[in-house]
Amino acid sequence: MLTNKQTLFVNEYLVDLNATQAAIRAGYSARSAYANACNLLHKPWVAEAVRKGLRERAEKLQLSGEDILRSIVDIRGKAVTGGKLTQALKANELLGKHLKLFTDRVEHAGPDGGPLEFSDLELSNRLLTLIAILEERANGL
């Protein structure tokens, strides 16, 4: 069961799918909105409410994923024919993402594949940041 504030968050999230802004508009602190939004979206009942809202919107619009893909393919064809390469490239990008042709990669190694090296100051700052995030989460629960 959602609290009133969680329900407001879900409704605000469905407006623009921006979790941080939805948290702020729902009344969560702007300073900890990102962390609160992340925590909320990981709660099963909140995630289910979001899925339900998205399903209802798709049903209301009578829109399916297949409709969207057909539209992108149509736009791509018109863009190529019209010489609008920027639009064609964007359509290709969206189709490529759908087909999982592109993956975001995060580098977890240092130069030449060696270990990442941090100074004591960098490690200290990262640890303090992590502690602050954990404290915000603990206070938000």
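The values are calculated or read from the model by the stated rules, or taken from the named source; none is laboratory data. Bear in mind the structure is a predicted one, so any value in this text is a computation, not a measurement. Cβ coordinates were reconstructed from backbone atoms using ideal geometry, including for glycine residues, and neighbour counts include every protein chain displayed.
Scanning segment 18-43 for residues that are within 20 Å of ALA138 (Cβ to Cβ), under 16 Å from the mean Cα position of the chain (by Cα) and of a type outside the set (Gly, Ala, Ser) returns THR20, TYR34, ASN36, CYS38, ASN39, LEU40, LEU41, HIS42, LYS43. Restricting attention to segment 117-141, which residues are modelled with pLDDT under 75 and either in contact with a strand residue (DSSP E or B) (Cβ under 9 Å, 6 or more places away or on another chain) or not in a helix (DSSP H, G or I) (or both)? Result: PHE118, LEU141. When the residues of segment 112-141 are filtered to those that are among the acidic types (Asp, Glu) and closer than 18 Å to ARG31 by Cα, the one that is surrounded by the most Cβ atoms within 10 Å (Cβ to Cβ) is GLU136. When VAL10, VAL73, VAL15, VAL46 are checked against the criterion of being within 18 Å of the chain's Cα centre (by Cα), in a helix (DSSP H, G or I) and more than 28 Å from GLU135 (Cα to Cα), VAL15 stands alone in meeting it. Do we find that TYR28 is assigned to a loop (DSSP other than H, G, I, E, B) and crowded, with 16+ Cβ neighbours inside 10 Å in this structure? Yes, satisfied. Scanning segment 25-70 for residues that are among the polar types (S, T, N, Q) and at pLDDT 90 or above returns SER29, SER32, ASN36, ASN39.
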